[in-house]
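Just so it is clear, none of the values below were taken in a lab; they were calculated from the coordinates. None of these values were measured; they are calculated from a predicted model. Quick reminder, even Gly has a Cβ in these numbers, built from the backbone with ideal geometry, and neighbours come from all protein chains shown.
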Number of protein chains: 2
Amino acid sequence: MNHITVYDIAKEANVSVSTVSRVLNDTAPVKKSTKDKIMQIIDKYQFQPNALARSLLKKETGTIGMIMPDITNPFFPEVFLGAESEARIKGYTFFLCNTSGDSARESEYLSILSEKRVDGIIFMGGRINLARCKPELVKEVTDISSRIPVVLVNGQLPNSNIVRVSTDEAKGARLVTQHLIDLGHKDIGFIGGVDHMSTTIQKVKAFKSQLEDSGLVYQPDWVLHGSFSVRSGEELMKKMIEMKKRPTAIFCVNDFTAVGAIKAVSEHGMKIPDDFSIVGFDDTPLATSIIPEMTTVSQKSHELGKTAVQILTKLLNKEKVKRLTLLEPELMIRKSTGRLKN
Amino acid sequence: MNHITVYDIAKEANVSVSTVSRVLNDTAPVKKSTKDKIMQIIDKYQFQPNALARSLLKKETGTIGMIMPDITNPFFPEVFLGAESEARIKGYTFFLCNTSGDSARESEYLSILSEKRVDGIIFMGGRINLARCKPELVKEVTDISSRIPVVLVNGQLPNSNIVRVSTDEAKGARLVTQHLIDLGHKDIGFIGGVDHMSTTIQKVKAFKSQLEDSGLVYQPDWVLHGSFSVRSGEELMKKMIEMKKRPTAIFCVNDFTAVGAIKAVSEHGMKIPDDFSIVGFDDTPLATSIIPEMTTVSQKSHELGKTAVQILTKLLNKEKVKRLTLLEPELMIRKSTGRLKN
C-alpha cells in the first residue's frame with residue numbers, strides 16, 4: 001500500500017476518520033484500547049500523515065495563490081522572487097496563476113484557489129488595474145476576501161476594503177518628469193500603456209501635473225497609447241519620430257515599451273541620448289541588458305512581493321494591518337537620458 | 001459557519017466521514033434515512049465539497065509541481081506558459097518552486113511537493129544538469145518518482161529511468177557552428193556557462209565536433225566559461241576582445257551571455273556583426289528586444305512545457321510513454337551574425 005491515508009487507517013481500525021485525527025493530532029482524548037489499535041496500524045504501514053490530511057484537520061494548507069497577468073514580463077517574476085523569499089521562511093508554497101490580464105481567466109483561477117483552500121491570495125494585474133472595474137468583478141474578489149485574506153499589489157478595487165501594497169507610481173512618474181526637466185527638456189512626450197488602465201492613467205496624470213507645476217505645456221498630441229509590449233513601444237515611437245514637431249524626451253509606460261522606443265530611434269539612425277532621451281519604468285533586468293543602459297524607475301519589485309507576504313501572514317494571524325502600504329519608488333539614472341542639446 | 005467541511009457534516013449527522021464521502025461521491029450505497037439526513041445538512045449549509053476533501057477521497061489533487069532554477073531567466077517563464085496552456089485544459093494548477101539551481105532548495109521543495117501530494121512533478125535545472133550528480137541526489141528523485149510521476153525537462157539523472165523531454169541541444173549547437181562556418185568564419189570562440197553542467201558540456205562538445213568535421217581548428221583558448229548571466233557574458237567577451245589573436249565569431253551559451261557579449265563589443269566601440277558575429281541560445285524575448293536583433297536557437301520553450309504536461313498526464317493515466325522525447329531546435333537567423341569581412 002503506497003499512498004496510505006487516514007481513511008485507510010480508519011477503515012482498518014473500524015473507527016471514524018475523526019478518531020484517527022484525534023489520535024494523530026492529540027486534540028481530544030481517545031479510549032486507550034482504540035488509540036492502541038490505531039497506533040498499531042500506523043506503525044504497521046509506517047504511516048506519515050500527509051500535508052493534505054493535516055491541513056484538512058487544521059483548515060490550513062500552507063499555500064498562497066499568486067495571480068499575475070504576465071509571467072514573461074520580467075517585473076512579475078521579480079515580485080514572485082521577493083514573495084517567495086519571505087514565504088519560504090514561513091513555510092508557504094505558491095500556486096502560480098498566469099492570467100494574461102483576462103478577467104475570465106482570473107475568475108477561473110479565483111474559483112480554483114478558493115476550492116483549493118489556499119491560505120491567502122496575492123492579486124496582481126487585470127481587473128485591479130482597470131479604471132472602471134465592473135461591480136460583478138469586484139464582488140467576486142470581495143466575496144473571496146471575506147473567507148480568504150487577499151492582498152492587492154499595485155492596484156485597487158473600487159468600494160472595497162481589500163488590503164493593498166503599492167509602489168507610489170504617481171510619485172515615480174513625477175520623478176521621471178522632473179529628471180527630464182532638470183536636463184533642460186521642455187518638449188516631453190509619453191508613450192505606451194492602455195488608456196483605461198490605472199497604471200497608465202496615474203502616470204499620465206502625474207506627468208501632466210509635474211509639467212504644469214514647472215510652467216511647461218502638456219501636449220496631448222504627444223501622449224500615445226497602445227499596449228505594454230516592446231512592439232507597441234517601437235510602433236508608437238516611430239509615430240513620434242515622424243511628427244513634424246516632436247518632443248526631445250520620451251517617458252515610456254514601462255521598460256518593455258522603452259526598449260521598443262530605443263529600437264525605433266536606432267532604426268531611424270538616430271542616437272540616444274543625443275537625439276532623444278528615453279526613460280522606462282519598472283527597472284527590470286532588461287534595463288541594464290541593453291545599450292545604452294536605461295534610465296528607469298525601480299518599483300522595488302522584490303520588496304513588493306516580500307511585503308505582500310508579510311501583510312498576508314499578519315492577516316492570517318488576525319493582526320492589524322494598514323489598508324494601504326506605499327513603497328517609495330526610486331529613479332535609476334543611467335545612460336538613456338542626457339542634457340538637451342542646443 | 002464559513003468553512004464547513006465534510007468533518008462538520010459527519011459530526012452533525014453523527015456518521016463517519018466515509019459515509020458522507022459515499023453520499024457525496026455516490027461511490028457506494030448508503031441507507032436512505034442516513035443519506036436523507038446528510039443531504040438535509042448539506043442543503044442547510046449550502047455545502048460545496050471542496051477540492052481538498054475531494055482530492056483526499058480520490059487521491060488526486062489536480063496539482064502539478066514545477067521546479068525551475070531561475071524564474072527571472074525568460075526561458076523558464078516561457079516553458080511555464082506552455083505547460084500552463086496544456087494544464088489548464090486538463091484542470092491542473094501549478095505549484096511553482098524556484099530553486100536558484102541549489103540542490104538543498106530542490107530537496108526542500110521535493111519534500112514539500114511530495115507532502116502536498118501533487119499529481120506530478122516537472123523538474124528543470126539544478127541537479128539534472130550536472131555532469132556528475134551525486135547518487136543521493138539522484139536517489140531522492142527516483143524515490144519520489146516511484147510514487148509520483150516525474151518528467152525531467154532538458155536534463156537527466158544517471159542510472160535512472162525517469163522520463164525526459166529535451167530539446168536536442170547538441171543539434172542546436174551544430175546548427176550555430178555551421179551557420180558561422182557558412183558565413184566564412186574560421187576563428188570561432190565559445191563563451192559562458194559552467195564547465196560541470198551538461199548544458200555547457202553538450203554544446204561545447206557539439207561545437208568542437210562540428211568545427212573538426214569542417215576541417216577547422218578547435219581552439220581551447222577560445223572557450224571561456226563563467227556563468228549564465230549578462231554580466232558573465234560581458235566579462236568573458238572583454239577577455240576575448242583583449243586577446244592578441246582573437247576569434248571573429250562567438251557562440252554564447254545562452255541569450256543572457258550573448259546580450260552581455262554584445263554590450264562588451266559596443267562598449268569597445270566595435271560593431272556587430274562587422275567586427276564580431278555573436279550568436280545566443282534559447283530565443284528568449286530578449287533576443288528581439290535588443291539591437292541588433294540576435295541570431296539564436298529556439299529551444300521551443302513553449303512546446304517543451306506543453307509536451308512535459310502531456311507526458312505527465314499520460315503517465316497518470318498509466319499510458320505508455322517514450323523514455324526520451326526530443327524536440328527539434330531551430331536556428332533563428334537575425335542581425336547579430338554576418339559574413340566574415342576580409
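Let me make sure I get this right: for segment A:180-252, a, b and c are the square roots of the gyration tensor eigenvalues over alpha carbons, sorted descending. Under 1.5 in a/c it's rounded, otherwise prolate if a/b > b/c, else oblate. Which is it?
Because a/c hits 1.5 or more and a/b fails to exceed b/c, segment A:180-252 counts as oblate.
Would you mind classifying segment B:169-299 by shape? Square roots of the alpha carbon gyration tensor eigenvalues, ordered a ≥ b ≥ c; an a/c under 1.5 is rounded, otherwise it is prolate if a/b is larger than b/c and oblate if not.
Here segment B:169-299 falls in the rounded category.
Taking Cα atoms, how many degrees apart are the long axis of helix A:230-242 and the longest axis of chain A, rounded to 10 and kept between 0 and 90?
10
Between the label point of B:HIS196 and that of the same position in each other copy, find the distances and list them shortest first in nm, with every label point placed 7 Å from Cα along the Cα-to-C-beta direction.
Output for B:HIS196: 5.5 nm, nearest copy listed first.
I'd like the orientation of helix B:198-213 relative to chain B: the angle between its Cα long axis and the longest Cα principal axis, in ° from 0 to 90, rounded to 10.
40
Please tell me the relative contact order of segment B:169-299 in percent, rounded to the nearest whole number, where contacts are Cα pairs under 8 Å and at least six residues apart.
Worked out over segment B:169-299, it gives 24 percent.
For segment A:46-193, what does the relative contact order come out to in percent, with C-alpha contacts under 8 Å and a separation of six or more?
Averaging sequence separation for qualifying contacts and normalising by length gives 20 percent for segment A:46-193.
If one takes the longest principal axis of the Cα atoms in chain B, at what angle in degrees, from 0 to 90 and to the nearest 10, does the Cα axis of helix B:32-44 lie?
Between helix and principal axis, roughly 60 degrees.
Got the A:LYS134 label distances to the other copies yet, label 7 Å along Cα→Cβ, in nm, shortest first?
Output for A:LYS134: 5.5 nm, nearest copy listed first.
Karplus couplings for segment B:323-336 from phi (6.51 cos²θ - 1.76 cosθ + 1.60, θ = phi - 60°), rounded to Hz, Gly and Pro as x?
5, 9, 9, 9, 9, 6, x, 9, 7, 9, 8, 10, 9, 8
Within 10 Å of each Cβ in peptide B:251-262, how many partner chain Cβ atoms are there on average? Round it to a whole number, please.
Going residue by residue through B:251-262 and averaging, the value is 1.
How large is the Rg to Rh ratio of chain B when both quantities use alpha carbon positions and Rh follows Kirkwood?
Values: Rg = 25.9 Å, Rh = 22.5 Å.
Ratio of gyration radius to Kirkwood radius for chain B: 1.15.
For chain B, set up a GNM with springs between Cα atoms under 10 Å and report which of B:VAL176, B:VAL23, B:VAL217 has the largest fluctuation.
B:VAL23
Among A:232-242, B:318-328, how do they line up from the highest to the lowest mean number of other beta-carbon atoms within 10 Å?
Top to bottom by mean Cβ count within 10 Å: A:232-242, B:318-328.
At a 10 Å Cβ-Cβ cut-off, how would you order A:TYR7, A:TYR218, fewest neighbours first?
So the residues, fewest neighbours to most, are A:TYR218, A:TYR7.
Fewest to most neighbouring Cβ within 10 Å: what's the order for A:MET68, B:MET66?
A:MET68, B:MET66
What gaps in nm, shortest first, separate B:ARG147 from its twins in the other copies when you place the label 7 Å past Cα toward the beta carbon?
2.9
Over all residues in A:65-71, what is the mean tally of Cβ atoms on other chains that come within 10 Å of each residue's Cβ? Present the calculation step by step, with values, prior to reporting the outcome.
Details: counts 1, 1, 0, 0, 0, 2, 9.
Counting other chains' Cβ atoms within 10 Å and averaging over A:65-71 gives 2.
Under the classification rounded if a/c is under 1.5, otherwise prolate if a/b is larger than b/c and oblate if not, where does the protein assembly as shown fall, given a ≥ b ≥ c as square roots of the Cα gyration tensor eigenvalues?
It comes out oblate by the Cα gyration axes.
Comparing A:ASN14, A:ASN73, A:ASN161, which has the greatest mean-square fluctuation in the GNM of chain A with Cα pairs linked when under 10 Å apart?
Judging by the Gaussian network model, the answer is A:ASN14.
Rank A:LYS139, A:LYS44, A:LYS35 by mean-square fluctuation in a GNM of chain A with C-alpha springs under 10 angstrom and give only the top-ranked residue.
Evaluated over chain A, the most mobile residue of the options is A:LYS44.
Take every Cα pair under 8 Å in chain B that's 6+ residues apart, average their separations, divide by the length, and report that relative contact order as a whole percent.
17
Any chance you could check the Cα centroid distance between segment B:238-259 and segment B:118-157 for me, in angstrom?
Each part's Cα centre sits 33 Å from the other's.
What's the average, rounded to a whole number, of partner chain beta-carbon atoms within 10 Å of each residue's beta-carbon in A:16-23? Present the calculation step by step, with values, prior to reporting the outcome.
Details: counts 8, 9, 5, 1, 1, 2, 0, 0.
Averaged over the peptide's residues, the number is 3.
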